[in-house]
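Data block below; observations after.
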Amino acid sequence: MNKTKVNLFTGFLGVGKTTALRHLIANRPQHEKWAVIVNEFGEVGIDGAALLNDELAVAEIAGGCLCCVAGPQMTATVATLLRREKPDRLLIEASGLAHAAGVIDELRAKPLGEALEVAAVLTLVDPRQFIQPDYHRQPLYRDQISIADVLVANKIDTADIPTMEAFRAQAAALFPPKSLVGEVKDGQLDVSWLDAELAAKPRYRPAVLPDNTSAWQSAGWTFEPELNFDGERLTRLFDDLPKKVPGLTRAKGVFRVLDSWVWLNWAAGQWGAAQVSWRRDSRFELIAPEFDAAAVEAWLKECLE
């Protein structure tokens with residue numbers, strides 16, 4: 001059975017998601033049949049009207065975010081669209097106030113997960129906001145950036161050179177890293193970004209600072225998103241890492257634990273944890289003068305349920 005690809009679009013209020021969707025729709029490959037769902041927080045939907053197209057099925061979910069009060073309505077709306085239209089691709093524009101992680105969980109769970117393939121999640125940001133610490137202190141903003149496979153700086157014509165340089169540096173340092181970081185104006189997204197490469201290698205080498213390339217060893221591991229890790233075992237592993245890996249410089253990971261997603265970060269002799277919206281895979285990265293990669297992989301697998 002061929003599954004319908006679904007792309008979720010998220011981003012803060014006013015960042016230009018609807019404009020970006022209109023541009024994508026105008027450049028839709030002629031051989032693909034698309035459908036669109038627009039979610040607005042207000043009781044009266046506006047964005048759906050802006051996307052109406054004679055060749056496109058557009059549905060609206062107003063009166064709440066997909067992640068909360070409109071969740072059941074989303075399941076019914078998606079199921080109806082799939083049954084009636086049989087689209088090749090479904091585009092979902094989430095409200096600027098939506099925590100997108102819950103939406104992804106629902107799209108992957110039965111019954112929708114049996115008919116849908118979750119393709120790239122695209123998050124649009126205003127680079128002037130992105131570089132401001134005040135925005136990153138907001139959990140909603142952090143969640144929208146965390147969940148993105150493709151991070152797009154929109155409205156770049158309104159940002160100066162120092163702002164764009166700061167955006168590029170901060171975007172490159174994000175963990176987990178993005179499949180693609182784009183820069184556009186007027187929402188002119190490239191249609192090919194909808195199919196951004198998502199499959200990660202089980203083992204990979206993360207980026208390290210240029211002056212560390214000769215003195216440090218680095219490695220990363222990824223695990224399928226369906227796999228659950230045991231929280232207590234992960235806690236013991238992070239407690240023991242300094243003893244297991246002499247000279248440990250950095251260890252960080254995102255893990256699925258009890259169907260939630262947790263970010264763990266070891267640095268400067270201590271580690272911390274926080275919930276995150278990342279949903280693509282569980283992954284772990286390690287930087288140290290020397291370590292046994294096979295042993296590290298075995299420790300990680302011992303933490304699986």
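Any idea which of Pro289, Thr235, Ala159 is furthest toward the positive side of the dipole for the chain, if Lys and Arg beta-carbons carry +1 and Asp and Glu beta-carbons -1?
Pro289
Stokes-Einstein at 25 °C, 0.890 mPa s, Kirkwood radius from Cα pairs: D for segment 166-305 in µm² s⁻¹?
The Stokes-Einstein estimate is 150 µm²/s.
For the chain, compute the orientation-averaged projected area of the C-alpha convex hull (one quarter of its surface), in nm².
Average of the hull's projected areas for the chain equals 16.8 nm².
Multiplying the sequence separation of Lys33 and Arg205 by 0.36 nm and subtracting their Cα-Cα distance, what value in nm do you get?
Going from the current span to full extension adds 58.1 nm.
With a cut-off of 8 Å between alpha carbons and a minimum separation of six or more residues, what is the relative contact order of the chain in percent?
Dividing the mean separation by the residue count of the chain yields 17 percent.
To the nearest 0.05, what FRET efficiency results for Asp239 and Arg83 with a Förster distance of 41 Å applied to their C-beta separation?
Efficiency at R0 = 41 Å is approximately 0.25.
Roughly how many nanometres apart are two label points built 7 Å out from the Cα toward the Cβ at Asp195 and Val181?
So the label points at Asp195 and Val181 sit 2.6 nm apart.
Tell me the relative contact order for segment 97-247 as a rounded percent, counting alpha carbon contacts under 8 Å between residues six or more apart.
This gives 19 percent for segment 97-247.
Take the solvent-accessible surface of the protein heavy atoms, probe 1.4 Å, and return the percent of it on the chain that carbon and sulfur atoms account for.
C and S atoms contribute 51 percent here.
Over the chain, give the accessible area per residue in Å² for a 1.4 Å probe, as an integer.
It amounts to 47 Å² per residue over the chain.
Which of the peptides 5-17, 188-200 is most tightly packed, and how do the rest follow, going by the mean number of other Cβ atoms within 10 Å of each residue?
The densest-packed peptide leads the list: 5-17, 188-200.
May I ask which residue of Gly247, Ile145, Ala200 lies farthest towards the positive end of the charge dipole of the chain, with charges of +1 (Lys, Arg) and -1 (Asp, Glu) on Cβ and the Cα centre as origin?
Value: Gly247.
If you take the alpha carbon radius of gyration of segment 154-247 and divide it by 2.2 N^0.38 Å, what ratio comes out, to two decimals?
1.48
Per DSSP H run of at least 4 residues, take -39500 (n - 2.57); add these up for the chain, divide by its residues and hand me the 222 nm value, nearest 500 deg cm²/dmol.
That calculation yields -8500 deg cm²/dmol at 222 nm.
How much length, in nm to one decimal, is gained on full extension between Gln138 and Gln170, taken as 0.36 nm per residue of separation minus their Cα-Cα distance?
Computed gain between Gln138 and Gln170 is 9.9 nm.
Roughly how many debye, to the nearest 20, is the charge dipole of the chain about its Cα centre, given +1 on each Lys and Arg Cβ, -1 on each Asp and Glu Cβ, and no other charges?
Its charge dipole is roughly 320 debye.
Just order 292-304, 269-281 by mean Cβ neighbour count inside 10 Å, highest at the front, would you?
Top of the packing list down: 269-281, 292-304.
Would you please give the residues with an amide H less than 5 Å from that of Ala59, counting only those at least 5 places away or on a separate chain, with H modeled from the backbone geometry?
Val36, Ile37, Val38
The values are calculated or read from the model by the stated rules, or taken from the named source; none is laboratory data. Note that the structure is a prediction, hence the values are computed from the model and not measured. Ideal geometry is used to build each Cβ from the backbone, glycine not excepted, and the neighbour counts take in all protein chains shown. Accessible surface is based on the protein model in full, side chains and every heavy atom, while ligands, DNA and RNA are left aside. Shrake-Rupley method; radii C 1.70, N 1.55, O 1.52, S 1.80 Å.
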